[in-house]
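> One structure coming up, written as structure tokens, with questions to follow.
The values are calculated or read from the model by the stated rules, or taken from the named source; none is laboratory data. All of these numbers come straight from a predicted model, not from anything done at the bench. Backbone-built Cβ (ideal geometry, glycine too); neighbour counts: all protein chains shown. Heavy atoms of the whole protein, side chains included, go into the accessibility calculation; ligands, DNA and RNA do not. Shrake-Rupley method; radii C 1.70, N 1.55, O 1.52, S 1.80 Å.
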Amino acid sequence: MARIFNTALNTAAGMSLALLAGCASLSDDAGLNDVSRLTQERIGQQASFSRDANNDQQVRSLLAQPLTAETAVQIALLNSPALKASFAELGVSESEFVQSGRMRNPGFSFGRIRGGGETEIDRSVMFDIAGLLTLPARSRIGQRRFEQAKLQAAAQAIQLATDTRRAYFTAVAAAQSAAFAEQVRVAADASSELAERMAKVGNWSKLDQARERAFYQDATTQLARSRHEATASREQLVRLLGLWGEQQNFVLPDRLPDLPAQPKEMNNAEAQALSQRLDMLAARRDTEATADALGLTKATGFINVFDAGYANKSTSGLPRENGYQVSFELPIFDWGGAKVARAQAQYMQSVHRATDTAVRARSEVREAYSSYRTTYDIARHYRDEVVPLRKKISDEVLLRYNGMLASVFELLADSREQLNSVNTAIETQRDFWIAETKLQAAVNGGTANETRMTP
């Protein structure tokens, strides 16, 4: 019996050495290179997790030119402290993965008893046999959890890119609207002043004068509101880009980008979302890891503590005694049924969560595409129909004014209407670019819900 046990113990020791030789170790980047690759595959730009002179120089170079949506995203991925803080969580996940692939350290016990002129010494070395047998399963679970964490980190980078694009288009549109609000206020000021002069000479009624004055007050209020919105949207962009000090003095373009010649077609966008959305991939990894955890719990539910090792005893005046020692948990009060039931419930929860993620992904893509096409059609309608029509009306009114067939107030009122149409066209163009950003996020990104369960 002792020989058989010694042979088994030697075999276990050999297996442990082989497994320890091939176990995972901490990497230099904590998985962040994989995060950058996942990000680049979906938005064409890498996320940066370092803060060095090259990054700072690149940010300064990008800020030296008027920002575009793409350069704004690039700056955010290079410079955002919030993103770097979230990336630091990967180090925790990797350390848990590496720890899951390592055995518990062997235990050593030593006892010395002296009495009646005799000395008795007990020595033993104990190894975690249960931990050795379950090491491959635990390591596999840890690896899948780590892969899930990398997907979640990449999803955070893509979410930052999405938020940055939205903030960029909002800031550009707000600045453009503030410039038009200034023109409206100037027109209202001129109209109000002219009405006041004409009222003094009796060529204008008090009612019409009050109306022009009220329009001027409304225009002044709208200008103040527009300026605040331009400031607030710019500050939102500053926060996402992680800028401070002189870096905040970046230049935005005077107008939004032009609409594309043709809108995108859907073309299997739902299938594409299911295959590459990061929250879908993370849900699959969670289901796989939970399934492995269920199998491990079933395997160790009856006995999950089993230690064995070498024992040695020395007594004064007697030959040294050698043997082995075994300790394991007796399943008297707890047969592991509750742990298995908990693991089964967690597995079913993971399965249902993955199904829910797939349903939401399909729905979000359809909704985002509907918004994309609707805002494109509306923006194009304003660009091709409403604004040119308003300009034509304005030209006709100007001709009538030059021919003394229209008053100056008709000319000013028409100018106000034209400016309002242009301002609405800016808003519809902004809404299109935001909808286009949401569509990209619905297909490529998603939200990787963090689900971490210990087997």
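> Filter the range 152-169 down to residues that are at pLDDT 90 or above and in contact with a Phe, Trp or Tyr (Cβ under 9 Å, 6 or more places away or on another chain) and give me whichever is most open to solvent (accessible area, probe 1.4 Å).
166
> Let me ask something else. Answer with yes or no whether residue 107 is more than 42 Å from the chain's Cα centre (by Cα) and either within 20 Å of residue 138 (Cβ to Cβ) or in contact (Cβ under 8 Å) with a residue 12 or more places away in the chain (or both).
Here the answer is yes, as residue 107 does meet what is asked.
> Search the range 377-388 for residues that are within 13 Å of residue 263 (Cβ to Cβ) and open to solvent by less than 60 Å² (accessible area, probe 1.4 Å) and pair each with any residue that is of a type in the set (A, V, I, L, M) and not in a helix (DSSP H, G or I) when their beta-carbon atoms are under 9 Å apart and the residues are at least 6 apart or on different chains.
379/259
> Got at least one residue in the range 172-186 being open to solvent by 10 Å² or more (accessible area, probe 1.4 Å), of a type outside the set (A, V, I, L, M), modelled with pLDDT under 85 and over 19 Å from residue 426 (Cα atoms)?
Checked the range 172-186: no residue is open to solvent by 10 Å² or more (accessible area, probe 1.4 Å), of a type outside the set (A, V, I, L, M), modelled with pLDDT under 85 and over 19 Å from residue 426 (Cα atoms).
> Against the definition (closer than 30 Å to residue 128 by Cα and surrounded by 13 or more Cβ atoms within 10 Å (Cβ to Cβ)), how does residue 70 come out, yes or no? Show your work before the answer.
On the way: closer than 30 Å to residue 128 by Cα: no; surrounded by 13 or more Cβ atoms within 10 Å (Cβ to Cβ): yes.
Judged against the criteria, residue 70 is not a match.
> Within the range 102-120, is there a residue that is of a type in the set (Val, Ile, Thr), open to solvent by 70 Å² or more (accessible area, probe 1.4 Å) and assigned to a helix (DSSP H, G or I)?
No: the range 102-120 contains no residue that is of a type in the set (Val, Ile, Thr), open to solvent by 70 Å² or more (accessible area, probe 1.4 Å) and assigned to a helix (DSSP H, G or I).
> Checking residue 129 against (1) touching a strand residue (DSSP E or B) at 6+ places or on another chain (Cβ under 6 Å); (2) modelled with pLDDT of 75 or more; (3) not aromatic (Phe, Trp, Tyr), which test does it fail?
Status for residue 129: all satisfied but (2).
> Mind listing whichever residues of the range 421-455 are over 20 Å from the mean Cα position of the chain (by Cα), modelled with pLDDT of 60 or more and open to solvent by less than 50 Å² (accessible area, probe 1.4 Å)?
Taking the range 421-455 first, the residues over 20 Å from the mean Cα position of the chain (by Cα) are 421-432, 453-455.
Now drop any that are not modelled with pLDDT of 60 or more, which leaves 421-432.
Listed by number, the residues that qualify are 421, 422, 423, 424, 425, 426, 428, 429, 432.
> Hey, any hits in the range 291-305 for a residue that's buried (at least 18 other Cβ atoms within 10 Å of the Cβ), at pLDDT 80 or above and farther than 30 Å from residue 113 by Cβ?
For the range 291-305, residues buried (at least 18 other Cβ atoms within 10 Å of the Cβ), at pLDDT 80 or above and farther than 30 Å from residue 113 by Cβ: absent.
Residue by residue, here is whether (1) assigned to a helix (DSSP H, G or I); (2) within 21 Å of the chain's Cα centre (by Cα); (3) at pLDDT 85 or above holds:
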| position | (1), (2), (3) |
| --- | --- |
| 240 | yes, yes, yes |
| 246 | yes, no, yes |
| 260 | no, no, yes |
| 281 | yes, yes, no |
| 285 | yes, yes, no |
